[in-house]
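These notes are about the structure you will find just below.
The values are calculated or read from the model by the stated rules, or taken from the named source; none is laboratory data. From a predicted model like this one, the values you see are computed outputs, not experimental measurements. Neighbour counts are summed over all protein chains in view; Cβ atoms, including those assigned to glycine, are modelled from backbone coordinates with ideal geometry.
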Amino acid sequence: MELPLALLNSTEWTALRLSLQVALCSALFSLPIAIVAAYGLARFEFPGKWLLQVVVDLPLVLPPVVTGYLLLVTFAPRGPIGSILHDVFGIRIVFTWLGAALASAVVSFPLMVRAIRLAFQGVDPRYEMAARSLGAGHLRAFFTVALPLARRGVIAGFMLAFARSLGEFGATIMVAGNIEGRTRTIPLAIYTFANQPDGMAAAWRLVGLSILLAAAALVTNEWLERRRSPDVRA
Amino acid sequence: MSVLSFQCEHRYCGGFHLDVAFDVSHRFTALFGPSGSGKTSVLNMVAGFLRPQQGTIVLKGRTLLNTVQRVSLLPEKRSVGFVFQDSLLFPHRTVEGNLRYGQHRHNRRGHSSDFSRVVDVLEIGPLLRRFPRNLSGGERQRVALGRALLSEPELLLMDEPLASLDAPLRDRVLTYLERAVAEWNIPTLFVTHAEGEVRRAAQWVVLLQAGHVVGAGTPDQVLGLAASRLAPDATR
């Protein structure tokens, strides 16, 4: 099946570009934080671990609109973090594509952490002990042994978060609004077109595009999962 | 002169009490005893993977652990090589990648690489480009030994390195172990509960039972003692 991309008008192209930009940036931004959180949760016992787990998982069960509202209040130019970003660094989050990326990152974060945590839990910690007996410090053992052995989970977590970000709607509309050309991603564009009397054709095109993008993300993930890396080649 | 002086006490949550003291002054010392006697815990304490509640560990005059002085060197600072029962070769690295992993330690010190010598003595040249999953159990243990040797440890710890191999293979791999330990003259502490391995390889034996040392001496002395003190399954 091939989508007639030539039929997309400039508004739809912009929505596609914005969606990819937001999903990619949010997944890339989340990745290092998710790796650290997942490794900590998988490997260490510490006071308050349950609380960290709850905080990490919360966006998974909260209505996205609630997550979006909390982000809006926090990152508004007069909010506790938004005021610092705005006054000190001149960065505005709310009603910009950065806000959309932030909303997507928060909403998809639990999925990413979950996949990566499972991967770290599947790596025998004695491999890191072996590395340390060979003179590697914590960091070297992590980067040369634990992380490469958990790489499939890391990739799966990234792809899941990317796919989830492509479909983010509730939190995004709260934090970033629905501004054409600036924050209107594909889901928001579909919502907008669906509410216009003559927008059904455009909505259908974007629905098709969404299905294609989501399927491509999942197929890529599946391919990476199944791909036999050199160490498992018979 | 004592190479390793070990005196540690540790009480586990389940009630098991480990209170062990011994010295290593021979090239090949066996820690011998039944399963659950605390042999592997002792190795983990020497390597720095397990911190005892009380004790001191001194390796060639260097304090690895002193709980009174609150000294506890990190595992990577102890210069102690470890060969695990199931080899634990890094599955994402080739044999050569595994062998070279520990070399950075002595390269940093400026020592020359001993790579080809290790490969020759252990006869693992044809395996260098293979991945661990394509090696037999005996080949894996030879590579694990080579990897530990190339990190130029001051003491080599082996935790039942032959336990997962069948009898004929055990003999062959033990020959490689003996040859390598003799060639590099590295003091070795070898955990086993197989009497045959003790008789063949060890110069000195420390007998453990239920977390305590119950005897130490030459293999003949200790195995006689073991036969009278331990359950039959401990001296198979």
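Selection over segment A:181-201 of residues that are out of contact with any Ser or Thr (no Cβ under 6 Å at 6 or more places or on another chain) and under 27 Å from A:VAL94 (Cβ atoms) gives a count of 14. Out of all the residues in segment A:98-116, is one or more surrounded by fewer than 19 Cβ atoms within 10 Å (Cβ to Cβ) and of a type outside the set (Ser, Thr, Tyr)? No. Just one of the listed residues (B:VAL143, B:VAL191) is modelled with pLDDT of 85 or more, under 13 Å from the mean Cα position of the chain (by Cα) and either in a loop (DSSP other than H, G, I, E, B) or among the hydrophobic types (A, V, I, L, M, F, W, C) (or both), namely B:VAL191. Looking for something away from chain B (no Cβ under 14 Å), buried (at least 20 other Cβ atoms within 10 Å of the Cβ) and more than 30 Å from B:ASP86 (Cβ to Cβ) - is there at least one such residue anywhere in segment A:139-159? Yes, the conditions are met somewhere in segment A:139-159. If you go through segment A:175-206 and keep only what is within 25 Å of A:VAL106 (Cβ to Cβ), hydrophobic (A, V, I, L, M, F, W, C) and over 17 Å from the mean Cα position of the chain (by Cα), you end up with A:ILE179, A:LEU188, A:ALA189, A:ILE190, A:LEU206.
Pull up segment B:68-92, narrow it to residues that are of a type in the set (A, V, I, L, M, F, W, C), touching a helix residue (DSSP H, G or I) at 6+ places or on another chain (Cβ under 6 Å) and facing chain A (nearest Cβ under 7 Å), then point me to the one that is farthest from B:PRO132 (Cα to Cα). In this case the residue turns out to be B:VAL80.
Quick check: anything in segment B:105-112 facing another protein chain (nearest Cβ under 10 Å), closer than 24 Å to B:MET45 by Cα, modelled with pLDDT under 90 and not in a loop (DSSP other than H, G, I, E, B)? Within segment B:105-112, one or more residues are facing another protein chain (nearest Cβ under 10 Å), closer than 24 Å to B:MET45 by Cα, modelled with pLDDT under 90 and not in a loop (DSSP other than H, G, I, E, B). Applying the criterion of at least 3 residues that are surrounded by fewer than 21 Cβ atoms within 10 Å (Cβ to Cβ) and in contact with a Phe, Trp or Tyr (Cβ under 9 Å, 6 or more places away or on another chain) to the strands (runs of 3 or more DSSP E) found wholly in segment B:34-100 leaves B:54-59. Could we say that B:THR192 is among the hydroxyl-bearing types (Ser, Thr, Tyr) and free of Cβ contacts under 8 Å to residues at least 60 places away in the same chain here? No, not satisfied. Out of all the residues in segment A:121-138, is one or more crowded, with 20+ Cβ neighbours inside 10 Å, in contact with a helix residue (DSSP H, G or I) (Cβ under 6 Å, 6 or more places away or on another chain) and either in contact (Cβ under 8 Å) with a residue 60 or more places away in the chain or closer than 23 Å to A:LEU70 by Cβ (or both)? Within segment A:121-138 (the criterion being crowded, with 20+ Cβ neighbours inside 10 Å, in contact with a helix residue (DSSP H, G or I) (Cβ under 6 Å, 6 or more places away or on another chain) and either in contact (Cβ under 8 Å) with a residue 60 or more places away in the chain or closer than 23 Å to A:LEU70 by Cβ (or both)), the answer is no, since none of the residues qualifies. Applying the set (1) within 28 Å of B:ILE57 (Cβ to Cβ); (2) surrounded by 22 or more Cβ atoms within 10 Å (Cβ to Cβ) to B:ALA163 leaves exactly one unmet item: (2).
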